[in-house]
Amino acid sequence: MRTLITISFCIIFTIVKTYAQNISGVWHGKAKTSDNKEILFVFLFEKNEGTYNTTMAVPTFNVSGIKPKLTTLKEGKLIIDGLNIGMRYEGLFDETRQQIKGTYTEGVNVLTLILKKGNPKMAKINRPQEPIKPYPYYEEQVIFENAEAGIKLSGTFTKPNEKGKYPVVILISGSGRHDRDGAILTHKPFLVLSDYLTRLGIAVLRYDDRGFGDSTGNFSEATTVDFAKDVLSAVQYLKSRSDINFNQIGLIGHSEGGIVAPLVANETSDISFIVTLAATGIPGSEVAVMQSKSLRPFPVPDEVFFEKNVRKSIKIASSNEYISKKRKALMEHNNSYLAPILKSLGATDENISVFIGNEIESVLKPWNTYFYNYNPANEFEKLSIPMLSLNGSKDTQVNATINQNAIRNALIKGGNKNFKIMELENLNHLFQECKTGNINEYKDIEQTISPIALKEIYNWILEIIRIK
């Protein structure tokens with residue numbers, strides 16, 4: 001589910017006495033996490049009267065084209081307000097050294113980030129599974145509309161070169177902002193999956209998430225059900241094409257995409273099969289509790305005490321109270337249990353305040369409050385169409401056994417007779433062959449998707465469409 005950047009609590013602020021009023025151009029910097037991992041950030045600042053237009057990239061995560069809402073530079077203080085994308089940067093400009101020293105905040109994560117003028121030196125990364133153009137199949141850049149939301153979604157459609165009506169799958173991304181390639185930590189899993197399936201005769205539609213890449217809309221205000229409506233719009237678009245077999249439209253969803261898929265299928269009779277990859281089957285509140293322990297970037301003295309208080313935070317955030325009342329309750333609760341933990345780790349009062357404030361705003365976002373109350377098992381139970389569920393045994397973000405048991409029980413309870421559930425050995429959340437399954441390992445693995453997973457997906461789909 002949502003990938004967390006490990007945070008650092010030791011943030012150093014330096015007062016700079018020299019100021020300049022123009023930072024136009026490219027700036028870059030590396031932020032170091034508490035486990036000594038580096039994250040590369042790149043910013044392009046373009047001056048626009050009293051403010052700047054900013055375009056941001058995070059090459060470490062293979063993310064680019066991010067556009068924060070507002071950037072200002074006043075008396076040497078730079079503020080990049082990315083409330084629309086869930087980030088903020090504050091720094092002081094040193095004209096003599098030509099650097100900006102400050103802090104980058106995203107959700108509950110706070111990192112020291114020093115920016116220097118110019119482009120960074122990029123090391124070549126080997127990704128042998130990524131296809132190289134020209135492709136041996138047809139590729140088309142497409143735009144389709146979610147009329148209800150008033151947004152346009154931009155994507156890529158691929159199919160074999162020969163004329164015909166092809167079976168097709170829509171790829172649904174996991175939580176967080178993703179482009180059509182599903183880019184994450186220098187990998188492009190949706191590009192690799194799309195290429196693999198298209199070469200074998202299955203058409204594929206993949207697209208940029210709303211409010212990201214070339215798609216319009218506000219990502220930060222969207223929930224899982226909004227993403228399901230985007231997929232429904234993709235289905236309607238495919239039905240307008242003459243090269244698609246309308247009786248063989250399938251969905252492949254990764255992580256959150258795997259719980260979006262049943263929402264979509266239960267709203268239309270146009271879906272003939274589903275493949276879920278690393279999907280959850282338990283309530284979102286339980287997923288959040290499990291991830292708060294498995295992905296937490298700091299130790300706690302008492303796990304039972306910590307879990308109890310995390311559950312209380314989730315209960316407050318997911319309640320039907322007014323947001324102002326929930327914000328106040330969360331502030332009191334976090335200051336009572338979380339602040340002492342952070343204090344014991346050496347965090348300053350100022351950094352604790354920032355951390356808790358960011359954490360509160362994060363859990364109160366529409367996506368989180370919906371997710372906490374969403375139980376995907378209820379949607380899986382309603383499915384009568386064929387379904388394949390794949391999870392990796394070394395997935396540290398989504399526990400394979402717990403979640404697949406829940407999915408299996410839901411399908412059986414609903415009377416579904418055509419499903420297959422597999423836990424694939426030694427694969428992580430991205431379905432890479434791995435050693436530990438930890439998030440910080442993803443980028444260092446050359447493989448993007450294990451051939452074992454690719455074959456299982458294709459062979460199962462082939463079997464289903466032959467039956468059709």
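Each row is one residue, and each column tells you yes or no for (1) in contact (Cβ under 8 Å) with a residue 40 or more places away in the chain; (2) exposed (fewer than 14 other Cβ atoms within 10 Å of the Cβ); (3) in contact with a helix residue (DSSP H, G or I) (Cβ under 8 Å, 6 or more places away or on another chain); (4) assigned to a loop (DSSP other than H, G, I, E, B).
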position	(1), (2), (3), (4)
Ile23	yes, no, no, yes
His28	yes, no, no, no
Asn36	no, yes, no, yes
Tyr52	no, no, no, no
Met56	no, no, no, no
Thr60	yes, no, no, no
Pro68	no, no, no, yes
Ile80	no, no, no, no
Ile85	yes, no, yes, yes
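Of all residues in the stretch 447-459, those that are in contact (Cβ under 8 Å) with a residue 12 or more places away in the chain and assigned by TED's automatic domain parsing to the domain that holds Pro386 have Cβ atoms under 9 Å from Cβ atoms of residues that are buried (at least 18 other Cβ atoms within 10 Å of the Cβ) and of a type in the set (Gly, Ala, Ser), 6 or more apart or on another chain, in Ser450/Gly392; Ala453/Gly392. One residue alone among Ala234, Ala228 is in a helix (DSSP H, G or I), among the small types (Gly, Ala, Ser), closer than 30 Å to Tyr138 by Cβ and in contact with a Phe, Trp or Tyr (Cβ under 7 Å, 6 or more places away or on another chain), and that residue is Ala234.
Just so you know, in the stretch 417-436 the residues that are closer than 22 Å to Ala123 by Cβ and crowded, with 18+ Cβ neighbours inside 10 Å include one that is nearest to the chain's Cα centre (by Cα), and it is Leu430. Considering Lys308, Lys293, Lys315, the condition of being farther than 14 Å from Leu364 by Cα, of a type in the set (D, E, K, R), surrounded by fewer than 14 Cβ atoms within 10 Å (Cβ to Cβ) and under 24 Å from the mean Cα position of the chain (by Cα) is satisfied by Lys293 alone. Here Arg206 qualifies as crowded, with 21+ Cβ neighbours inside 10 Å, in contact (Cβ under 8 Å) with a residue 12 or more places away in the chain, in a strand (DSSP E or B) and not hydroxyl-bearing (Ser, Thr, Tyr). Only one of these is modelled with pLDDT under 95 and within 25 Å of the chain's Cα centre (by Cα): Ile439, Ile449, Ile467. Name it. Testing whether each residue is modelled with pLDDT under 95 and within 25 Å of the chain's Cα centre (by Cα) leaves just Ile439.
The values are calculated or read from the model by the stated rules, or taken from the named source; none is laboratory data. Since we're looking at a predicted model, the values are computed, not measured. We place every Cβ from the backbone using ideal geometry, glycine too, and count neighbours over all the protein chains shown.
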